[in-house]
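K.L.:
Got a structure for you, written out below as structure tokens; questions coming shortly.
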Amino acid sequence: MPVTTGDIRDWIQRSGQVLHENNAYLTQLDSAIGDADHGINMDRGFQAVNKKLAGMEEADISTLLKTTGTTLVSTVGGASGPLYGTAFLRAGVATAGKQTLESADLITLFEAALEGVKARGKAQTGEKTMLDALAPAIEAAKQAQAAQASLAQIVQAMVAGAEVGTKATIEMTATKGRASYLGERSVGHQDPGATSCWLLLQALADSIKQA
Amino acid sequence: MKKLINNPDDVVKEAMAGMALAHPDLITVDLENQIIVRKNAPIRDKVGIISGGGSGHEPMHGGYVGYGMLDAACPGAVFTSPVPDQMLAATHAVNGGKGVLHIVKNYTGDVMNFEMSAELADAEGIQIASVITNDDVAVQDSLYTAGRRGVGVTVLLEKIVGGYAEAGASLDQVVALARKVNDHGRSMGMALTSCTVPAAGKPTFELGENEMEIGIGIHGEPGRRRTKLTNADDITETLITPILEDLQLKNGESVLALVNGMGGTPLIELYIVYNALQRILKGKAISIARSLVGNYITALDMAGCSITLVRLDDELLKYWDAPVHTPALRWGR
């Protein structure tokens, strides 16, 4: 079964709930190596997104994703606002005109998001950022797709890839963002941005399972 | 958490409303766009200057809006960069036809949000330039970090560049002077205690009774090393040594010195630091031509201080001395 507009809407709503529930957890991760606001900012941003989407009953997949992106840019601030905002904007552009998303479309969506984050953040993988969850998630999705997995299995593979990637950030030294000021002292802490990215993918898997 | 607030979610808006009421002769506050704008902006045929960043560093930046300094400030949530919409609204509000300068502190979020706003303003045909401050010598290896942070120099730069713009300089001239101030300035800070972000409700980090954090940033982000607490003379020496090494000040040169409180340290202690600083520099035949001692770029309720030195020449001195009238800085007018 392909991903529908309803699934995407459910995903964004679910993401808001998940980020709200994990507000304190993400902020605590950010206290260790950042400035103690990641959960607070993401929660505020997705609340604004869902308020906005509630008034857009007719929106298609692309419009939902683009609106999520512009609203995050306008409400989150910090580094997460432009990064997640750009990710969703690019995802929206990549899905223009689509009524449903097949496996290949979903992978295209996330690859566009990944490229957007790399460009906006001038970042690569291995720098202890959200890219370290997103990139392995996409790799896992491609492998699952090559092995003829179903769409639901592909999304499950993405979650697993993001989990491994997020946990791998614990051993990384941050070289981007505020955590980089800690140098070696950033080792031993899980990156909050990678963690929120993993949570968003988990929410997508739950939305698709629900459908 | 013990704070003089009503609700953590309302901290920034209520403080902005209070500022507007306290300084109606100097500023207007646009609560919808969340910006603080100089009274009577835009000023015709003057380069508009805006800055912004997370809240919690007061009086920076809102306290520096007014004659001879900033035309607008964009406060974000506490310790969180403002969003591009704010900078775009501020850019519109201060564009007097001679271009607009964005003064941006070097933090990943600030740089990206200002960049997005500049792209939008540029697309509208507004003449825009950006200058990034990065004066914190605590960040040693810029190849493996987001680069030096913008701290104390930002305040001094806003004053000097604001004076130059007021005197009629073009956008290119203002940019060149801003780069010069940044190149000639270095800072280093330390913390005695953590700070508490209102929405988080508890201290960002823990410091033991006999510990201090050297190289602290202005967001309570831990510095480079945690050491045993010593006295004011030793701490001043610790902060000033990397600054002097980096600036390579020579005998006979003169500087502008800022001894800045992080928000929770009384002025009496800052003057003790200034006394030590004056003595150390005198021993190296460096004279402090101008100074500023007080809380100018803070980290909420953090106890601690930072020292900033800017190598002075006649041009910098002239525009530092130029009249200024803002909520937090006033002289000559």
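The values are calculated or read from the model by the stated rules, or taken from the named source; none is laboratory data. Note that the structure is a prediction, hence the values are computed from the model and not measured. Because the Cβ atoms are built from the backbone with ideal geometry, glycine has one as well, and the counts that use them run over all protein chains shown. Remember, those area values only see protein heavy atoms, side chains included, never the ligands or the DNA or RNA. Shrake-Rupley method; radii C 1.70, N 1.55, O 1.52, S 1.80 Å.
K.L.:
How many lysine pairs in chain A, separated by 8 or more positions in sequence or lying on different chains, have Cα atoms less than 15 Å apart? Can you show the working numbers first?
P.N.:
On the way: A:Lys51/A:Lys66; A:Lys52/A:Lys66; A:Lys66/A:Lys98; A:Lys118/A:Lys128; A:Lys118/A:Lys176; A:Lys122/A:Lys176; A:Lys128/A:Lys167; A:Lys128/A:Lys176.
Here the count comes out as 8.
K.L.:
Right, another one. Can you give the direction-averaged projected area of the convex hull of the alpha-carbon atoms in the stretch A:1-88, in nm²? Walk me through the numbers on the way to the answer.
P.N.:
On the way: hull surface 23.0 nm².
Value for the stretch A:1-88: 5.8 nm².
K.L.:
Still on this model: If you build the Cα gyration tensor of chain B and take the root of 5 times each eigenvalue, what three semi-axes come out, in whole angstrom, biggest first?
P.N.:
Values: eigenvalues 175, 116, 63 Å².
So the equivalent ellipsoid measures 30, 24, 18 Å along its semi-axes.
K.L.:
Compute the distance from the alpha-carbon center of the stretch B:158-194 to that of the stretch A:179-202, in whole Å.
P.N.:
33 Å
K.L.:
Distance from the Cα centre of the stretch B:211-275 to that of the stretch A:29-78, in angstrom?
P.N.:
Cα centroid to Cα centroid, the span is 38 Å.
K.L.:
Now for a separate question. Let me test this: with uniform point scatterers at the alpha carbons of the stretch A:111-191, what is the Debye-based log₁₀ I(q)/I(0) at q = 0.17, 0.25 1/Å?
P.N.:
Log10 of I(q)/I(0), two decimals: -0.67, -1.08.
K.L.:
Share of antiparallel DSSP beta bridges in the protein assembly as shown, in percent to the nearest 5?
P.N.:
On the way: 32 of 57 bridges.
Taking every DSSP beta bridge within the protein assembly as shown, about 55 percent pair in antiparallel fashion.
K.L.:
Over the Cα atoms of the protein assembly as shown, Rg to Rh with Kirkwood Rh, two decimal places? The partial results should precede the final answer.
P.N.:
On the way: Rg = 23.8 Å, Rh = 24.0 Å.
Rounded to two decimals, Rg over Rh is 0.99.
K.L.:
Within chain B, which whole H helices from DSSP have a Cα span along their axis of at least 20 Å and a mean Kyte-Doolittle hydropathy of -1.0 or more, if any?
P.N.:
Values: long enough: B:108-123 (23 Å, 0.04); B:232-247 (22 Å, 0.34); B:267-283 (24 Å, 0.75).
Qualifying helices: B:108-123, B:232-247, B:267-283.
K.L.:
May I pose another question? For the stretch A:1-99, report the accessible area per residue in Å² (1.4 Å probe, heavy atoms, rounded to an integer).
P.N.:
Details: 3760 Å² over 99 residues.
I get 38 Å² per residue for this part.
K.L.:
In Å² (nearest 100), what accessible area is buried between B and A, both sides summed, heavy protein atoms only, 1.4 Å probe?
P.N.:
Working: alone 13970 and 9340 Å², together 20770 Å².
Using a 1.4 Å probe, the pair buries roughly 2500 Å².
K.L.:
Top mean-square fluctuation among B:Asn134, B:Asn210, B:Asn106, Gaussian network model of chain B, C-alpha springs under 10 Å?
P.N.:
Looking only at B:Asn134, B:Asn210, B:Asn106, the largest GNM fluctuation is found for B:Asn210.
K.L.:
Moving on to the next point. Whole percent per 5 Å bin, from 0 to the bin with the longest distance: what is P(r) over all C-alpha pairs of the stretch B:116-239?
P.N.:
2, 10, 15, 15, 16, 15, 11, 8, 5, 3, 1, 0
K.L.:
Roughly how many nanometres apart are two label points built 7 Å out from the Cα toward the Cβ at A:Glu58 and A:Val187?
P.N.:
If labels sit at A:Glu58 and A:Val187, their model points lie 5.8 nm apart.
K.L.:
Another question about this same structure. In a Debye calculation with equal point scatterers on the alpha-carbon sites of the stretch B:186-313 and no solvent, what is log10 I(q)/I(0) at q = 0.18, 0.19 Å⁻¹?
P.N.:
With one equal scatterer per Cα and no solvent, log10 I(q)/I(0) is -0.91, -1.00.
K.L.:
Separate question: Do any residues of the stretch A:162-211 show a loss of at least 20 square angstrom of accessible area between the isolated chain and the full protein assembly, using a 1.4 Å probe, and if so which?
P.N.:
Buried-area filter returns A:Thr175, A:Gly177, A:Arg178, A:Ser180, A:Tyr181, A:Leu182, A:Arg185.
K.L.:
Something else about it: For chain B, what % of the accessible area comes from carbon and sulfur atoms, probe 1.4 Å? Provide the component values of the computation, followed by the final result.
P.N.:
Working: 6290 of 12760 Å².
Accessible surface attributable to carbon and sulfur in chain B totals 49 percent.
K.L.:
While we're here: Once you keep just the Cα pairs under 8 angstrom separated by 6 or more residues, what percentage relative contact order results for chain A?
P.N.:
Values: 373 pairs, mean separation 49.0, N = 211.
Value for chain A: 23 percent.
K.L.:
I want to check the label-to-label distance for A:Lys209 and A:Ala152. Put each point 7 Å from Cα in the C-beta direction and report it in nm to one decimal.
P.N.:
Those two pseudo-labels are separated by 1.0 nm.
K.L.:
Once Rh is set to the Kirkwood radius over Cα pairs, what Stokes-Einstein translational diffusion coefficient, in µm²/s, holds for the stretch B:226-271 at a temperature of 20 °C and a viscosity of 1.002 mPa s? Please list the in-between numbers first.
P.N.:
Values: Rh = 12.7 Å.
Approximately 169 µm²/s, per Stokes-Einstein.
K.L.:
Once the convex hull of the alpha carbons of the stretch B:12-142 is built, what does its volume come to per residue, in cubic angstrom? Please list the in-between numbers first.
P.N.:
Numbers: hull volume 13.1 nm³, N = 131.
Each residue corresponds to 100 Å³ of Cα convex hull volume.
K.L.:
If you don't mind, there's one more thing I want to ask. Taking the Cα centre of chain B as origin, work out the dipole magnitude from +1 charges on Lys and Arg Cβ and -1 charges on Asp and Glu Cβ, in debye rounded to 20. Walk me through the numbers before you get to the answer.
P.N.:
Numbers: 29 positive and 39 negative charges, 151 e Å.
With only Lys, Arg, Asp and Glu charged at Cβ, the dipole is about 720 debye.
K.L.:
Cα to Cα, under 22 Å, and not fewer than 8 places away if on the same chain: which lysines meet these conditions relative to B:Lys202?
P.N.:
Partners found: B:Lys2, B:Lys3, B:Lys13.
K.L.:
Mind pulling up the Rg/Rh value for chain A? Radius of gyration and Kirkwood radius, both on Cα. All intermediate terms of the calculation are to be shown ahead of the outcome.
P.N.:
Working: Rg = 15.9 Å, Rh = 16.8 Å.
On the Cα set of chain A, Rg over Rh gives 0.95.
K.L.:
With a ≥ b ≥ c the root eigenvalues of the C-alpha gyration tensor of the stretch B:115-172, is it rounded (a/c under 1.5), prolate (a/b larger than b/c) or oblate?
P.N.:
Numbers: a/c = 3.58, a/b = 1.36, b/c = 2.64.
It is oblate, given that a/c is not under 1.5 and a/b is not larger than b/c.
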